[in-house]
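See below for the structure under consideration.
The values are calculated or read from the model by the stated rules, or taken from the named source; none is laboratory data. Remember, predicted model here, so these are calculated numbers, not experimental data. Here Cβ is always computed from backbone atoms with ideal geometry, including for glycine, and neighbour counts include all displayed protein chains.
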């Protein structure tokens, strides 16, 4: 009688152990499948997708130091120019009035403390969808971007010799399959105003669509010319 009871107990223990091993194996398999699916479709589980290496991939799997601002971050923080990007990103600084110039036509960016030795040179290159622009000022013309990527550290292999300290890449939004758009307006002192709008719509369903953006802004100077007050 005692042997029969002991045998039943051992059998039940072995069955429980087998079920536990099956559950663990099933969980591990599900996790591996989810990981594989995430690698095949970046962004499927809400992770941030970047194009730092000229292809879309998850920010967590990119072996580069990146600060990425998503469309939601840009809207929430009211980012409209490179100065706003600097305020929202650690390790980067911008000189709005560069040596030898008295305007903002050439904003000089310092990334990780690396400052160019001459006025007209740059160590941090600026790009729109991977295409280089002469100055980071051009980034202000992008309305409602999909994201802004700040790549820290040498990026010469992907973005050329001017990206020794890093690079800033603004990624524009792709037109969607549904009709939509956005509109923002701002006003302030010294007759300041800024209006921007974006609209997108399909031309041929699931085949061809378009996206149009526009921006208008103005601001009076800090001083009034006594010789020409108007």
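Within region 197-217, take every residue that is under 23 Å from residue 76 (Cα atoms) and free of Cβ contacts under 8 Å to residues at least 60 places away in the same chain and give me the one that is surrounded by the most Cβ atoms within 10 Å (Cβ to Cβ). Break it down into steps so the answer makes sense when it comes.
Going through region 197-217, the residues under 23 Å from residue 76 (Cα atoms) turn out to be 197-200, 211-217.
Narrowing the set further to residues that are free of Cβ contacts under 8 Å to residues at least 60 places away in the same chain leaves 197-200, 211-212, 216-217.
Details: 197: 16, 198: 18, 199: 15, 200: 20, 211: 17, 212: 12, 216: 10, 217: 12.
Of everything passing the filter in region 197-217, 200 is surrounded by the most Cβ atoms within 10 Å (Cβ to Cβ).
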Set 157, 165: member being closer than 20 Å to residue 50 by Cβ, free of Cβ contacts under 8 Å to residues at least 60 places away in the same chain, in the same structural domain as residue 73 (by TED's automatic domain parsing) and surrounded by 15 or more Cβ atoms within 10 Å (Cβ to Cβ): 165
